[in-house]
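Trainee: Below is a structure I'd like to ask you about.
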Amino acid sequence: MKVTVNDSCIACGACESVCDAVFSVDDKAVVNANAVAGNEDCVKEAADCCPVNAIEVE
């Protein structure tokens with residue numbers, strides 16, 4: 001699974017609150033690619049709850 005955050009990110013923190021093992025937010029959400037494996041369900045949930053659809057999951 002490849003996870004990226006596009007430039008529409010508003011750093012609201014929703015992804016981090018749902019899946020803090022993978023996402024951290026400063027000026028923009030950042031993906032810890034090493035933590036994606038094993039956390040696929042919360043990554044998908046974070047993508048679904050992103051208000052600006054900034055999380056791209058492939």
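Trainee: Checking Asp20 against (1) exposed (fewer than 14 other Cβ atoms within 10 Å of the Cβ); (2) modelled with pLDDT of 95 or more; (3) assigned to a loop (DSSP other than H, G, I, E, B); (4) among the charged types (D, E, K, R), only one condition comes out false. Which one?
Mentor: With (1) exposed (fewer than 14 other Cβ atoms within 10 Å of the Cβ); (2) modelled with pLDDT of 95 or more; (3) assigned to a loop (DSSP other than H, G, I, E, B); (4) among the charged types (D, E, K, R) applied to Asp20, the lone miss is (1).
Trainee: Oh, and also: Taking the criterion of being hydroxyl-bearing (Ser, Thr, Tyr) and part of a loop (DSSP other than H, G, I, E, B), would at least one residue in region 23-43 satisfy it? Before you say what the answer is, go through the steps one by one.
Mentor: Step one: of region 23-43, the residues hydroxyl-bearing (Ser, Thr, Tyr) are 24.
Those still in the list that are part of a loop (DSSP other than H, G, I, E, B) too: none.
Looking for residues that are hydroxyl-bearing (Ser, Thr, Tyr) and part of a loop (DSSP other than H, G, I, E, B), one finds none in region 23-43, hence no.
Trainee: Cβ-Cβ below 6 Å, separation at least six or inter-chain, first residue in region 29-48 and farther than 9 Å from Met1 by Cβ and touching a residue at least 12 places away in the same chain (Cβ under 8 Å), second hydroxyl-bearing (Ser, Thr, Tyr) and not in a helix (DSSP H, G or I): which pairs?
Mentor: Val30/Ser24
The values are calculated or read from the model by the stated rules, or taken from the named source; none is laboratory data. Please read these numbers as outputs of a predicted model, since none were measured by experiment. Neighbour counts are summed over all protein chains in view; Cβ atoms, including those assigned to glycine, are modelled from backbone coordinates with ideal geometry.
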